[in-house]
Amino acid sequence: MERTYFGRLMNFFELPENSLELADRSEMPERVLREIMRYDANLWPAAVEYFAEFDNRTYLDVQAFLERESGKTQTRKPRIPADPLTKSARSLKKVLLGMDELPQQDKPGSLANALVGDSDKKEAQEIADRISALAQAVQTRVKALK
């Protein structure tokens, strides 16, 4: 056994005795223990209990728990269910802000193909007119922002 690995194993004994016992009873993997040990010692007992509460929790679950508990991640306030127009607008916003992640070279062109690809000429023109009107309305609101 390598010295660094042995040292890492010995660090697990820094856990409070009841947490060590719970970790043993819940058959906590070494990977989860290593994740717990990366955080403040005050969070260790709660993290061990969190893991032991349910089967099939992974180190990623424990990591997310510890991030929340340590205040490193902010919990998002739940959004109130919106009307269909607002939901659609949020979806459109998500698509537009995520365009950079499209694999195609011509990102606006590939999005345009997806929008009008299965439309006839009349419907495609209607889509183009509405997008143009929407762009004008967005520009008006952008100018009004401080």
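The values are calculated or read from the model by the stated rules, or taken from the named source; none is laboratory data. The model shown is predicted, which means the values in this text are computed figures rather than measured ones. So basically every Cβ, Gly included, is an ideal-geometry build from the backbone, and we count neighbours across all protein chains shown.
In region 31-59, the residue that is surrounded by the fewest Cβ atoms within 10 Å (Cβ to Cβ) out of those that are of a type in the set (Gly, Ala, Ser) and within 18 Å of residue 72 (Cβ to Cβ) is 41. Looking across region 97-146, just one residue is of a type in the set (Val, Ile, Thr) and touching a Leu at 6+ places or on another chain (Cβ under 7 Å), and that is 127. Check region 58-77 and report whether any residue there is more than 30 Å from residue 22 (Cβ to Cβ) and without any contact (Cβ under 8 Å) to a residue 60 or more places away in the chain. Within region 58-77 (the criterion being more than 30 Å from residue 22 (Cβ to Cβ) and without any contact (Cβ under 8 Å) to a residue 60 or more places away in the chain), the answer is yes, since at least one residue qualifies.
Taking region 50-146 and the helices (runs of 4 or more DSSP H) fully enclosed by it, the elements with 3 or more residues that are within 24 Å of the chain's Cα centre (by Cα) and aliphatic (A, V, I, L, M) are at 59-70, 84-97.
Just wondering, is there one or more residues in region 105-114 that are surrounded by 10 or more Cβ atoms within 10 Å (Cβ to Cβ), outside the structural domain of residue 15 (by TED's automatic domain parsing) and in contact with a helix residue (DSSP H, G or I) (Cβ under 6 Å, 6 or more places away or on another chain)? Taking every residue of region 105-114 in turn, at least one turns out to be surrounded by 10 or more Cβ atoms within 10 Å (Cβ to Cβ), outside the structural domain of residue 15 (by TED's automatic domain parsing) and in contact with a helix residue (DSSP H, G or I) (Cβ under 6 Å, 6 or more places away or on another chain).
When region 95-146 is filtered for residues that are touching a Lys or Arg at 6+ places or on another chain (Cβ under 7 Å) and of a type in the set (Lys, Arg), nothing remains. Among the residues making up region 85-121, those that are at pLDDT 85 or above and more than 20 Å from residue 135 (Cβ to Cβ) are 117, 118, 120, 121.
The set of residues in region 25-49 that are over 23 Å from the mean Cα position of the chain (by Cα), among the acidic types (Asp, Glu) and part of a helix (DSSP H, G or I) comprises 30, 49.
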